[in-house]
Amino acid sequence: MFLGTIVYALVNSVILALMAIGFNLTFGISGVANFAYGALYIFSAYASWMLMNLLHIPYLPAAVISILLTTLLGALMYRFVLLRIRGQVLSEVIATFGIGLAILELFRYLGFVGFEYTLPVFIDRSFFIAGTYVDMQRIIIVIAGVLIVVALWIFTHHTAVGLAFRGIAQDERTALSLGIDSDWIATLSVSFGAGLAALAATIIIPLGSISPGEGYDVLIKALAVCIIGGLGSTGGVIVASFIIGFAERFTDSYIGSHWTMIVSLAAILIVLIVKPSGLFGKQKELEERI
Amino acid sequence: MLEVRNLMVFFENALAINDLSLQVHAGEIVGLIGSNSAGKTTLMNALSGLIIDMRIKEKRRGGERITLYGNIIFNGEDITATKPSERVKKGIVLCRERHPVFPESSVVENLKIAGYLKKRQQIRESIESVFDIFPALGKLKSRKAGFLSGGEQQMLTIGMALVVRPKLLLLDEPLLGLSPMMQQVVMEAIVELKQNSGITVLLSEQFARPVLPVIDRGYVVENGMLSLSGSGQELMANPEIKSAYFGI
């Protein structure tokens, strides 16, 4: 049981990291806490489902189209709403939460609720690992999680746009004086964050079903991970994902599943009391937020 | 190359730049000498477009506290309302005061970030030439910029601007916080830039002593207005300058 718990804790940790990494990217670059993040995650899943079931497009192209659509939606959100209120934290939170609420509740209103709203697993197989059965989708999640983190690192360290992301994150005015357009980079950061939410949904949703309520859960989990890790720190997000992921699975296995959420919330409270800026959070002036 | 015509900048009711006109010709080093609060940084921000960016962002939020009158002409084109990124594309690059770098990125990464608008090959060549101009930086390639000394950060700031390959380099108080020896190193590098790369330089500074011998022409700014102008030698010989800046 112990080894099995470790295997599922590992998978759970990677899922949390995937859920949080896009939220973290957007906040790290543009400073926008995108509270529509969970809704974008669910939007992408429903978009894939509709493309597959209404337009009969195979899953892979449907997933690609929905990731692109969600990325575009993120960019539109920034250009038409966030651009005007950027820097006003409360307005950003209210606006993005309102957009998220509208998206999720629209799906609920239109009747997109029920167990038939699912996405297929990539490969329908299971393996016996460390004394427990693990399905191929979970293994794919772990591999994809590692690949996405590596790809993100390469992107932010070896591409012009990625380096510009880091420049804006550290000192927007200096970046501006070097010809980096902060509005364009912030638009990209919100749309990339939305794209990462969509990518996470494509990989994770096949483990369960699509529901508007899941959007709120994803937002809360992303927030929990980012707050514990230190908002804007990718290293912090990964470490926090493992702390919460392991804490949740071990609580589930050895104490009781009804304590799982309490453990996560207690972790947030303890970190906020001991280190208010999160485990890897630094003073804004000194931090590199990617 | 650059002509500023009757520029006025207001921050709400405060007049930061008052009817200021000046010219910078291609290939010159022009100094802008002034004490604290004279309006040097505001002028540099107006020339680089940072003020326009601030104004755009304020306007989006429903407030407009920055007002600009007058014209900024660069190579015959009116760029008064042009965004900073567009001005950089035209060749105007600003090194802001207090040598701001990207503190958590390495020296090489700082230079690469600065090359956002350039091709990979150009960036590679520019980085090599920056290390030729500032050999001290070449030994610190992997060090985080936040851990460099003030002088090294100033070299890096100028190096970042050079990666952009400017036609007009704006240096806002490049000697601020540097030791006399490091001030000498930075001034020598600026002269070398002009001689070897033909870059036109407009530098603002409150330390007149190391600047005046090097500049081709200079302006003295007080309370947002020009009070004196002339060649570096003329300004050095001026009794008012001697009294105000050299304590003689």
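For the residues A:G195, A:G167, A:G162, A:G179, the requirement of being within 30 Å of B:L111 (Cβ to Cβ), at pLDDT 95 or above and not aromatic (F, W, Y) singles out A:G195. Screening A:V237 with (1) hydrophobic (A, V, I, L, M, F, W, C); (2) in a loop (DSSP other than H, G, I, E, B); (3) more than 14 Å from chain B (Cβ to nearest Cβ); (4) closer than 30 Å to A:T159 by Cα gives one miss only, at (2). The single residue among A:V146, A:V150, A:V142, A:V190 that is surrounded by 23 or more Cβ atoms within 10 Å (Cβ to Cβ) and either over 23 Å from A:N34 (Cα atoms) or not polar (S, T, N, Q) (or both) turns out to be A:V190. Against the numbered list (1) in contact with a Lys or Arg (Cβ under 6 Å, 6 or more places away or on another chain); (2) over 25 Å from A:E248 (Cα atoms), A:Y8 comes up short only at (2).
Within region B:1-68, which strands (runs of 3 or more DSSP E) (wholly inside it) include 1 or more residues that are of a type in the set (F, W, Y)?
Output list reads B:2-11.
All conditions in (1) touching a residue at least 60 places away in the same chain (Cβ under 8 Å); (2) in a helix (DSSP H, G or I) hold for A:A164, with the sole exception of (1).
Identify all residues within region A:12-60 that are assigned to a helix (DSSP H, G or I) and surrounded by fewer than 21 Cβ atoms within 10 Å (Cβ to Cβ); write none if there are none. Write out each step before concluding.
Here is the first cut: in region A:12-60, the residues assigned to a helix (DSSP H, G or I) are A:12-30, A:37-53, A:59-60.
Across region A:12-60, the qualifying residues are A:M50, A:L51, A:M52, A:N53, A:Y59, A:L60.
Could you please find all residues in region B:44-68 being more than 14 Å from every other protein chain (Cβ to nearest Cβ) and crowded, with 18+ Cβ neighbours inside 10 Å? Scanning region B:44-68 gives a single hit, B:I66. For region B:105-142, a tally of residues being part of a loop (DSSP other than H, G, I, E, B), within 14 Å of chain A (Cβ to nearest Cβ) and either out of contact with any strand residue (DSSP E or B) (no Cβ under 6 Å at 6 or more places or on another chain) or surrounded by 20 or more Cβ atoms within 10 Å (Cβ to Cβ) (or both) returns 6. How many residues does region B:59-82 contain that are farther than 15 Å from B:V9 by Cα and free of Cβ contacts under 8 Å to residues at least 24 places away in the same chain? Adding up the residues that qualify gives 8. Starting from residues that are small (G, A, S) and over 21 Å from B:I199 (Cβ atoms), keep the ones in region B:144-170 and report whichever is modelled with the lowest pLDDT. Filtering region B:144-170 for residues that are small (G, A, S) and over 21 Å from B:I199 (Cβ atoms), the one modelled with the lowest pLDDT comes out as B:G150. The strands (runs of 3 or more DSSP E) located wholly in region B:156-235 that include 1 or more residues which are within 29 Å of B:I127 (Cα to Cα) occupy B:168-172, B:200-205.
Pairs linking a residue in region A:198-224 that is without any contact (Cβ under 8 Å) to a residue 12 or more places away in the chain and crowded, with 21+ Cβ neighbours inside 10 Å to a residue that is among the polar types (S, T, N, Q) and part of a helix (DSSP H, G or I), with Cβ atoms under 8 Å and 6 or more positions apart or on different chains, do not occur. Just one residue in the set B:L168, B:L176 is buried (at least 22 other Cβ atoms within 10 Å of the Cβ) and either within 19 Å of B:K40 (Cβ to Cβ) or in contact with a Cys (Cβ under 8 Å, 6 or more places away or on another chain) (or both); that residue is B:L168.
On inspection, A:F155 qualifies as closer than 19 Å to A:A200 by Cβ, more than 17 Å from the chain's Cα centre (by Cα) and in a helix (DSSP H, G or I). Would you confirm whether or not region A:181-196 contains a residue that is within 20 Å of A:G145 (Cβ to Cβ) and either of a type in the set (V, I, T) or touching a His at 6+ places or on another chain (Cβ under 6 Å) (or both)? There is no residue in region A:181-196 that is within 20 Å of A:G145 (Cβ to Cβ) and either of a type in the set (V, I, T) or touching a His at 6+ places or on another chain (Cβ under 6 Å) (or both). Among the residues of region A:69-88, those that are in a helix (DSSP H, G or I), over 20 Å from the mean Cα position of the chain (by Cα) and touching a residue at least 40 places away in the same chain (Cβ under 8 Å) comprise A:R79, A:L83. Only a single item in (1) on the phi > 0 side of the Ramachandran plot; (2) under 14 Å from the mean Cα position of the chain (by Cα) is not met by B:G177, and it is number (2).
The values are calculated or read from the model by the stated rules, or taken from the named source; none is laboratory data. These figures come from a predicted structure and were not determined experimentally. Every residue, glycine as well, gets a Cβ built from its backbone with ideal geometry; the counts of neighbours run over all protein chains shown.
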